[in-house]
Amino acid sequence: DAGVTQSPTHLIKTRGQHVTLRCSPISGHKSVSWYQQVLGQGPQFIFQYYEKEERGRGNFPDRFSARQFPNYSSELNVNALLLGDSALYLCASSRWDGTEAFFGQGTRLTVV
Amino acid sequence: GQQLNQSPQSMFIQEGEDVSMNCTSSSIFNTWLWYKQDPGEGPVLLIALYKAGELTSNGRLTAQFGITRKDSFLNISASIPSDVGIYFCAGTYNTDKLIFGTGTRLQVFP
């Protein structure tokens, strides 16, 4: 079975631009969460979606938004990019309750 | 953002040695997870713990859910070179988000 897949793997954007990151969960998993990991730190929770509804939101500005589609895939959108948004963005899927989360390989976003 | 305290921050050990690391929180959790992350990759789930006092093994790895529900421990026995990486603990209470630790960087020398 395929694991969690994220695209793209690497991305370079300019300050002020917008970015969309994509995630496909493990087949049968209905919950998708997004995390931001800056260098040298553990991942920080951004959003959780379950059955297309937002179940939780971390301490991130409104420039960050996400959605989940009927096939349970998800997109993370970030507007008005700042240099500080440079990080590894991780998507995790779980069956339904958010625990035993399995992570994708991440999208490395660099804002210049 | 909130992070759990993990110690030690880094470890340099010889192949064959045992390793112990721990994670503490100021609040209680009902689930503890341990992950390993290689450079440029996403975290890989090693062990999940769901009950205070629970002791769970996965090959050479053993983890325990602390009785106070505010801490967890990971042991690696007979370390090998492929154990190199960063180990993260993560806890959750109401299952909507994982709170991660600061990480323990493990180096294994032959």
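So A:Leu109 fits all but one of (1) modelled with pLDDT of 95 or more; (2) in a loop (DSSP other than H, G, I, E, B); what number is the exception?
(2)
Looking at region B:17-36, which of its residues are of a type outside the set (S, T, N, Q) and away from chain A (no Cβ under 14 Å)?
B:Glu17, B:Asp18, B:Val19, B:Ile28, listed by residue number.
What number of residues within region A:97-112 are under 23 Å from B:Cys89 (Cβ atoms), touching a residue at least 60 places away in the same chain (Cβ under 8 Å) and of a type outside the set (A, V, I, L, M)?
7
Looking at (1) in contact (Cβ under 8 Å) with a residue 40 or more places away in the chain; (2) more than 10 Å from every other protein chain (Cβ to nearest Cβ); (3) surrounded by 14 or more Cβ atoms within 10 Å (Cβ to Cβ), which is the only condition B:Thr68 fails?
With (1) in contact (Cβ under 8 Å) with a residue 40 or more places away in the chain; (2) more than 10 Å from every other protein chain (Cβ to nearest Cβ); (3) surrounded by 14 or more Cβ atoms within 10 Å (Cβ to Cβ) applied to B:Thr68, the lone miss is (3).
Among the candidates B:Pro81, B:Pro8, B:Pro110, B:Pro39, single out the residue that is of a type outside the set (Gly, Ala, Ser), within 13 Å of chain A (Cβ to nearest Cβ) and loosely packed, with under 15 Cβ neighbours inside 10 Å.
Only one candidate passes the filter, namely B:Pro39.
Results for (1) in contact (Cβ under 8 Å) with a residue 60 or more places away in the chain; (2) within 20 Å of A:Leu39 (Cβ to Cβ); (3) in contact with a His (Cβ under 6 Å, 6 or more places away or on another chain); (4) surrounded by 15 or more Cβ atoms within 10 Å (Cβ to Cβ), shown as yes or no for each residue.
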{"position": "B:Asn30", "(1), (2), (3), (4)": "yes, no, no, yes"}
{"position": "B:Trp34", "(1), (2), (3), (4)": "no, no, no, yes"}
{"position": "B:Pro43", "(1), (2), (3), (4)": "no, yes, no, yes"}
{"position": "B:Leu46", "(1), (2), (3), (4)": "no, no, no, yes"}
{"position": "B:Gln64", "(1), (2), (3), (4)": "no, no, no, yes"}
{"position": "B:Gly91", "(1), (2), (3), (4)": "yes, no, no, yes"}
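Cβ contacts < 6 Å: first residue on the phi > 0 side of the Ramachandran plot and more than 12 Å from every other protein chain (Cβ to nearest Cβ), restricted to region A:12-36; second residue at pLDDT 95 or above and in a loop (DSSP other than H, G, I, E, B), any location; separation 6+ or different chain. Result?
A:Gly16/A:Ala80
Rundown of residues vs (1) within 22 Å of B:Val44 (Cα to Cα); (2) buried (at least 17 other Cβ atoms within 10 Å of the Cβ); (3) within 11 Å of the chain's Cα centre (by Cα), yes/no style:
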site	(1), (2), (3)
A:Arg55	no, yes, no
A:Ala66	no, yes, yes
A:Phe69	no, no, no
A:Tyr72	yes, yes, no
A:Leu76	yes, yes, yes
A:Leu81	no, yes, no
A:Tyr89	yes, yes, yes
A:Ala92	yes, yes, yes
A:Thr99	yes, yes, no
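The values are calculated or read from the model by the stated rules, or taken from the named source; none is laboratory data. Being a predicted model, the structure only gives us computed values, none of them experimental. In this analysis, Cβ positions are derived from the backbone assuming ideal geometry, glycine residues included, and neighbour counts consider all displayed protein chains.
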